[in-house]
Amino acid sequence: MIVAAGFGQQGLTDVVGVAVRIVEAAGAAIIFVGAVIAFVGFVRVSFRQKGIAPFASVRLDLGRFLVLGLEFQLAADILRTAVSPNFTELAQLAAIAAIRTALNFFLGMEIKEERELVRTDQAAARKPDEQA
């Protein structure tokens, strides 16, 4: 089957294969960078502040990177099945998409809770200043 003049099915498969690797690498890089930033933030907060609340902002930052990285990974999976998918590949994509969507949902809930904790902590920190 000719997709375009001089560009057959194999050419399209090769281009999509390269695109999949690039998108997967981008997702992995985003997750790695987020983990490094979160680790640095964890170390910084561990030595400077007491209590659990300061760690919420570190978790919030990590959660954002994880959600974005998972979106890239899902995009790579969709690209992978874009060229001549069979039933097995579509079923695998559906399962992967369901798992990653559930992960994103729960990470989103976690991010929302962490954001509220950070806001509450910031509001509590401002109250003594306002009373002075």
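Values quoted throughout were computed directly from the atomic coordinates according to the rules given, and no laboratory measurement underlies them. Bear in mind that the values here come from a model prediction, so they are computed numbers and not experimental data. FYI the Cβ positions are ideal-geometry reconstructions off the backbone, even for glycines, and counts take in every protein chain you see.
Of all residues in region 101-119, which are in contact (Cβ under 8 Å) with a residue 40 or more places away in the chain and hydrophobic (A, V, I, L, M, F, W, C)?
First, the residues of region 101-119 that are in contact (Cβ under 8 Å) with a residue 40 or more places away in the chain: 107-108, 110-111, 114-115, 117-118.
Residues satisfying the conditions are LEU107, ILE111, LEU117, VAL118.
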TODO: Any chance you could count how many residues in region 44-95 are free of Cβ contacts under 8 Å to residues at least 12 places away in the same chain and among the hydroxyl-bearing types (Ser, Thr, Tyr)?
DONE: 2
Open item on the list: Restricting to region 11-59, give me the number of residues that are of a type in the set (Phe, Trp, Tyr) and touching a Lys or Arg at 6+ places or on another chain (Cβ under 7 Å).
Closed with: 0
Task: Residues satisfying the stated conditions in region 37-86, i.e. outside any loop (DSSP other than H, G, I, E, B), more than 30 Å from GLN10 (Cβ to Cβ) and polar (S, T, N, Q) - done: SER46, SER57
